[in-house]
Amino acid sequence: MKKQALIVIGANEFQVPLVEKARELEYETHVFAWEEGAVCRDIADYFYPISITDREEILKIARKIKPAGVISIGSDLAVITVNYLAARLGLVGNSLYSAQISTNKYEMRTAFRQANLPCPDFRLIDKNGIPEPLNMKFPLIIKPVDRSGSRGINRVDNREELDQAISLAIRESFGGHVIAEEYINGHEYSMEMISYQGEHYFLAITEKFTTGAPNYVETMHLQPGRIELSTLNKAIETIKSALDVLNIKNGASHSEFMVDGDDNIIIIEIGARMGGDYIGSDLVRLSIGYDFTRMVIDIAVGNKPDLMHHQTSNRAALVKFILSQRDLELFEELQKFHSEKIYSYGNLRSVITQPVQDSSQRSGYFIISCPNRNECLSLVGEH
């Protein structure tokens with residue numbers, strides 16, 4: 001009997017668990033991406049060196065493949081192509097409107113504002129410059145409307161710093177558009193959910209750690225995150241409403257939000273994909289027991305996801321990124337004295353001497369799994 005085919009859009013390191021899971025489930029994998037950096041090439045059944053933005057060329061090939069589903073878990077840019085193909089091939093996905101609004105921070109914020117959902121104040125800035133008057137108080141966060149991985153993000157504390165930050169963000173933006181965003185002081189979290197036929201199911205809460213100003217590069221993720229139950233429940237309901245506004249009905253979602261000093265939930269942004277940085281593919285399974293990757297595949301091929309398959313006793317999991325020589329030494333100490341706690345590691349390379357400005361400059365990672373959060377944090381010197 002011929003295997004069912006799955007089309008995977010994107011081939012970077014975050015897609016590896018998806019291709020591996022698809023093959024474990026005995027699907028025939030067809031992976032599309034630029035050849036450079038395509039680490040999935042060697043594990044896919046078929047690899048096509050085609051840009052993930054070349055939707056029409058991929059569609060021509062897809063019609064011949066006749067896939068059971070089309071998927072991606074680690075790229076906002078891939079979301080548009082995935083849903084375009086799903087719509088043209090009559091497969092499960094989200095609407096093209098959903099794909100557009102969930103991959104553009106300005107359109108997303110506009111939709112949240114119109115729905116009276118809590119998000120930072122914002123202004124759109126394009127190549128023509130700053131709208132005058134800006135009418136926003138410093139500090140501000142400047143970011144491209146269409147990038148992820150901390151690319152082009154800067155905090156600016158005064159008008160003199162603004163032009164340079166905008167120029168940097170515009171250079172990083174695919175379309176040359178940027179938003180100036182109100183700075184929110186608080187604790188940052190992300191939330192993983194799975195949606196099936198318009199119903200949203202909470203999976204996990206992650207606490208985020210960053211380098212702080214000016215670039216806020218993510219240094220570590222802890223799951224489950226430390227948050228009051230009442231606050232978590234409020235966040236879940238807020239995010240579910242936001243997913244409805246974004247018309248996300250099927251598949252994974254990764255929602256980033258802040259909790260301020262008054263316990264208010266402020267939505268930062270939402271992606272119609274699994275959380276990157278090993279959050280969705282590894283931490284969810286290690287800490288809660290859900291097979292998030294399989295859920296994404298099941299939904300893409302038209303099956304109801306298994307929401308009951310999880311472990312009875314929760315653990316904790318943490319991914320730590322190597323940004324400095326001290327981080328590298330910490331990893332070496334863990335290997336020597338606590339190797340049983342290390343679940344995986346990779347991408348190790350020489351540590352750069354200048355401050356890391358986006359996630360692509362990180363020098364590797366390691367994931368640890370422990371019975372509880374305190375032990376995870378203690379092992380990496382956090383409290």
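Since every read-out is calculated from the coordinates, none of them should be taken as a lab result. All of these numbers come straight from a predicted model, not from anything done at the bench. We place every Cβ from the backbone using ideal geometry, glycine too, and count neighbours over all the protein chains shown.
Numbers at a glance
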read-out	value
Spatial separation of Cα centroids for the range 64-117 and the range 287-364, in angstrom	26
Rel. contact order, % - alpha carbon contacts under 8 angstrom, at least six apart, the range 186-379	20
Residues in the range 358-383 reached by a label modelled at V39 [backbone nitrogen below 19 Å; 7 Å Cα→Cβ]	358-369
Gaussian network model of the chain, springs between alpha carbon atoms under 10 Å - residue of A33, A62, A169 with greatest fluctuation	A62
Relative contact order of the range 141-279, pairs being alpha-carbon contacts under 8 Å that are 6 or more residues apart, as %	22
Bins of 10 Å from zero: percent of alpha-carbon pairs in the range 40-147	12, 35, 26, 17, 9, 1
Value at 222 nm in deg cm²/dmol, rounded to 500, when DSSP H runs of n ≥ 4 in the chain each add -39,500 (n - 2.57)	-8500 deg cm²/dmol
Relative contact order of the chain, defined on C-alpha pairs under 8 angstrom at six or more residues apart (%)	14
Gyration tensor verdict on the range 188-304 (Cα atoms; rounded if a/c is under 1.5, prolate if a/b is larger than b/c, oblate otherwise)	prolate
Residues V39, V31 arranged by fewest to most Cβ contacts within 10 Å	V39, V31
Top positive-direction residue, dipole computed over the chain with Cβ charges, set F331, S98, G302	G302
Globularity ratio of the range 5-91, using Cα Rg and 2.2 N^0.38 Å	0.94
Tensor-based shape of the range 121-182 (alpha-carbon gyration tensor, a/c under 1.5 rounded, otherwise prolate or oblate)	prolate
Positive-end residue of G251, I367, A213, charge dipole of the range 186-379 with Cβ unit charges	I367
Compactness relative to 2.2 N^0.38 Å, alpha carbon Rg of the chain	0.96
Fraction in percent of alpha-carbon pairs per bin - 10 Å, the range 84-235	10, 32, 36, 19, 4, 0
Residue-span extension gain [I342 to T231] - 0.36 nm each, minus C-alpha spacing	36.9 nm
